[in-house]
Amino acid sequence: MQTHVIIIGSGFSSLAASCYLAQAGYKVTIYEKNDTVGGRARQLTKDGFTFDIGPSWYWMPDVFEKFFQDFGVSTVDYYTLTKLNPAYKIFFENNESITIEDTLEKICIAFEAEEKGSAAKLKEFIAAAKHNYDIAIKELVYRPGVSPLELVTPATIKKIGQFFSTISKEVRKEFTNPKLIQILEFPVLFLGAKPSDTPAFYSFMNYADFGLGTWHPKGGMYQVILGIEKLARSLGVEIHTNAPVSEISVSKGIATGVVVNATAITADVVLCGADYHHGESLLPAAYRQYSEQYWKRKTFAPSSLLFYVGFDKKLQNIEHHNLFFDTDFDLHAREIYDDPKWPEEPLFYANFTSVTDAGTAPEGCENGFFLIPLAPGLEDTPTLRANYFKKIIRRFEALTDQNVSDHIIFKESFCVTDFIKAYNSYKGNAYGMANTLLQTAFLRPKLKSKKVTNLFFTGQLTVPGPGVPPSLISGKLVAGMIESHYKKSNMSNLQAV
Ligand SMILES: Cc1cc2nc3c(=O)[nH]c(=O)nc-3n(C[C@H](O)[C@H](O)[C@H](O)COP(=O)(O)OP(=O)(O)OC[C@H]3O[C@@H](n4cnc5c(N)ncnc54)[C@H](O)[C@@H]3O)c2cc1C
């Protein structure tokens, strides 16, 4: 009889794990609480406009390709990718902006125009970042975070200093122009911590940015979810939506199944791809590994205030991806991490996929996605949301030199309370747990429960960390761990016989 794996949730990590497990011959059933798959990467459609609810930056195309190739297929079999040029635009104060194009050579020209001598330094910085990327991808991120020794390789020993220095320090050693510093510190924000708390080794994100480029799947990131869902179903994975798991049943240290919509369903293995803290809350207290104190002490990645806006005209002076760094970066970072509160003058990000992908808004219109990073756990009220929308739209209008307020057809928002309600997210975090030095690799919550033999976890709170590519990798890692666990237990059964 096939071993039955029940997976809780259908985010990138769960869907990825389901594919690997089905390919390995397991019977796999996914239970997802929401009415569609995708988790934080779901889609909103309204009045002819299409928005990705969460992720929008398609970075590290090699990781996506590797995922599909593990099943003998390719990304092109599921969606159409375009490399964006420009990759993105950054707005600074005093109406200044820098556009990041699609090759390092072009980016060097933009750097040199800001700071003499910076092009040569950038080439060296990105060459070193590429070296780190190669080490990270080949030797580190595909390890399951079981032992500190996973981090010790001949290549990483030579880089040890970079684990104890920070991105912030290293960037400042080479560059003095504040705009260039902000641009080089931006990619590690995806890892959920301040650049001054992120190990310098993570400069590999700068290579992902300037070396590998920013891509766009036609129709949006949700097309990637649909692609993986299609692959999973073709491998035999059963997917149930509107199916919240309310309990992981355990008997004598062994998970026996889950309870979904008041029905008990049996399983040989339970894999939780929902947020870790919530997953553990589904267990009887004695089987939880991490206390409330543990979670409280951790550095969580930010939550966000998000707006999805339909505009009735094409907008001026914008690109597909836009960063609004016209206010104090350090102050906003302090308001997220050190002294959690609603930011005074937040930095924000906006994308308009309809600039390059006409199908995502009606003709002559633009779809706007606005994101303000926030500390998790903040008070969240309609008035606060409305005030912050006014705040950023005023700045947006000034920086892009146009009126947009009178051209809004509709506006939807999503914030802390929605993250909790939609995903059972701890304190409403958006991107899971940050990748600081003390929350890297074996120091992150474990893929395999220490208290329940056949219970596993995956997703952005585990290894390797936040983001879509790491979530795909997390799914692969946990599937491999489940397979080797079952090989071992089958061996010991045979020996017992
Ligand atoms: C606003 C935002 C912007 C982002 N931008 C980017 C970006 O540009 N690029 C990038 O690479 N990454 C980005 N990320 C991060 C990326 O989206 C995540 O790292 C990734 O999608 C997480 O996948 P996951 O599988 O870990 O979890 P999730 O996507 O959260 O999946 C967990 C699933 O479990 C379900 N669930 C929870 N509780 C239960 C239950 N009791 N029963 C059943 N199901 C349950 C949830 O509904 C959810 O579907 C962004 C995230 C957000 C929120």
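The values are calculated or read from the model by the stated rules, or taken from the named source; none is laboratory data. Note that the coordinates shown come from a computational prediction; the quantities given were computed from them, not determined experimentally. Cβ atoms come from the backbone with ideal geometry, glycine included; neighbour counts cover every protein chain shown.
Checked across the stretch 319-340, the condition of being of a type in the set (Gly, Ala, Ser), in contact with a Phe, Trp or Tyr (Cβ under 7 Å, 6 or more places away or on another chain) and surrounded by 15 or more Cβ atoms within 10 Å (Cβ to Cβ) holds for no residue. The listed residues are Asp47, Asp70, Asp62, Asp52, and the only one of them that is in the same structural domain as Val259 (by TED's automatic domain parsing) and buried (at least 21 other Cβ atoms within 10 Å of the Cβ) turns out to be Asp52. Each residue in the stretch 289-318 was checked for being within 16 Å of the ligand (Cβ to nearest atom), β-branched (Val, Ile, Thr) and surrounded by 17 or more Cβ atoms within 10 Å (Cβ to Cβ), and 1 pass. When Tyr308, Tyr349 are checked against the criterion of being touching an Asp or Glu at 6+ places or on another chain (Cβ under 7 Å) and part of a strand (DSSP E or B), a single residue qualifies: Tyr308.
Output the residue which, of all residues in the stretch 13-44 that are among the polar types (S, T, N, Q) and over 20 Å from Val468 (Cα atoms), is nearest to the ligand (Cβ to nearest atom).
The residue in question is Thr29.
Scanning the stretch 392-414 for residues that are outside any helix (DSSP H, G or I) and either within 16 Å of the ligand (Cβ to nearest atom) or not polar (S, T, N, Q) (or both) yields a count of 9.
Just checking: which of the helices (runs of 4 or more DSSP H) contained wholly in the stretch 156-197 hold 2 or more residues that are in contact with a helix residue (DSSP H, G or I) (Cβ under 6 Å, 6 or more places away or on another chain) and free of Cβ contacts under 8 Å to residues at least 40 places away in the same chain?
Correct list: 167-174.
Among the numbered conditions (1) of a type outside the set (A, V, I, L, M); (2) under 30 Å from Asp312 (Cβ atoms); (3) over 18 Å from the mean Cα position of the chain (by Cα), the only one that Lys487 does not meet is (2).
Counting only residues that are buried (at least 17 other Cβ atoms within 10 Å of the Cβ) and more than 23 Å from the chain's Cα centre (by Cα), which one in the stretch 271-288 is nearest to the ligand (Cβ to nearest atom)?
Step one: of the stretch 271-288, the residues buried (at least 17 other Cβ atoms within 10 Å of the Cβ) are 271-280, 282-283, 287-288.
Next, from what is left, pick out any that are more than 23 Å from the chain's Cα centre (by Cα): 282-283, 287-288.
Numbers: Leu282: 6, Leu283: 12, Tyr287: 16, Arg288: 15 Å.
Ranking the qualifying residues of the stretch 271-288, first place goes to Leu282.
If the condition is being near the ligand (Cβ under 8 Å from one of its atoms) and either of a type in the set (Phe, Trp, Tyr) or assigned to a helix (DSSP H, G or I) (or both), then the stretch 415-427 contributes Phe419, Ala422, Tyr423. Scanning the stretch 234-247 finds one or more residues that are farther than 30 Å from Gly72 by Cα and of a type in the set (Gly, Ala, Ser). Condition test on Phe456, is it in a strand (DSSP E or B), outside the structural domain of Met60 (by TED's automatic domain parsing) and more than 8 Å from the ligand (Cβ to nearest atom)? No. When the stretch 45-80 is limited to residues that are within 12 Å of the ligand (Cβ to nearest atom) and not in a loop (DSSP other than H, G, I, E, B), the one that is farthest from the chain's Cα centre (by Cα) turns out to be Phe51.
Could you run through the stretch 249-270 and say how many residues are buried (at least 18 other Cβ atoms within 10 Å of the Cβ) and either among the charged types (D, E, K, R) or within 10 Å of the ligand (Cβ to nearest atom) (or both)? Qualifying residue count for the region: 3.
Filtering Ser18, Ser10, Ser14 for residues that are at pLDDT 95 or above, part of a loop (DSSP other than H, G, I, E, B) and buried (at least 23 other Cβ atoms within 10 Å of the Cβ) leaves a single hit, Ser10.
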